[in-house]
Amino acid sequence: MYLIRQAISFAQVNAAVTVVYDGHQAVEFIDKAETGQEVPCPDLVLLDLNLPKKNGIEVLRHMRNSSACKNTLVLVVTSSDSAGDREAVKALGFNGYFRKPSVYAEFMTLGPMIRDLLKGASAGEL
């Protein structure tokens, strides 16, 4: 999480960041946003596919079945390079795929990806 926050900061993205630590918490967050009582749907979800309790594909499926959050931007941020994982998220709909690199400078390219996705969404491009 530290590197993600650092990439966001370096790219000068002004965003509130909410962190959930497993797929079950992510599904609960989506359900709360669905009711509109406690939290709004996020503008962008950074989704790890290797979440505990419920994996990222299950979370993405739940989000796409949500009436309130079905159009939320999703940037998959994962260590997985599995063709099966890519096909699964493609079928559900995602807006970007970032494979976590082992080199710090390469990881920092995540920030501009986030900035560009959010900028495109505000301009009505996504």
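The values are calculated or read from the model by the stated rules, or taken from the named source; none is laboratory data. Here the structure is a predicted model, which is why all the values come from computation and not from measurement. Here Cβ is always computed from backbone atoms with ideal geometry, including for glycine, and neighbour counts include all displayed protein chains.
Looking at region 60-84 only, could you name the residues that are crowded, with 19+ Cβ neighbours inside 10 Å and in a loop (DSSP other than H, G, I, E, B)? 69, 72, listed by residue number. For region 35-44, state whether one or more residues are in a strand (DSSP E or B), farther than 19 Å from residue 16 by Cα and either in contact with a strand residue (DSSP E or B) (Cβ under 6 Å, 6 or more places away or on another chain) or modelled with pLDDT of 90 or more (or both). Looking through region 35-44, none of the residues is in a strand (DSSP E or B), farther than 19 Å from residue 16 by Cα and either in contact with a strand residue (DSSP E or B) (Cβ under 6 Å, 6 or more places away or on another chain) or modelled with pLDDT of 90 or more (or both).
For beta carbons closer than 8 Å, sequence separation of 6+ or different chains, a first residue in region 1-18 that is part of a loop (DSSP other than H, G, I, E, B) and a second that is among the charged types (D, E, K, R), the qualifying pairs are 11/115; 12/115; 13/115; 15/43; 17/5.
Scanning region 93-108 for residues that are more than 13 Å from the chain's Cα centre (by Cα) and either surrounded by 13 or more Cβ atoms within 10 Å (Cβ to Cβ) or of a type in the set (Gly, Ala, Ser) (or both) gives 100, 101, 102, 105, 107, 108. Residue 8 meets the conditions (1) buried (at least 17 other Cβ atoms within 10 Å of the Cβ); (2) at pLDDT 95 or above in every case but one. The failed one is (2).
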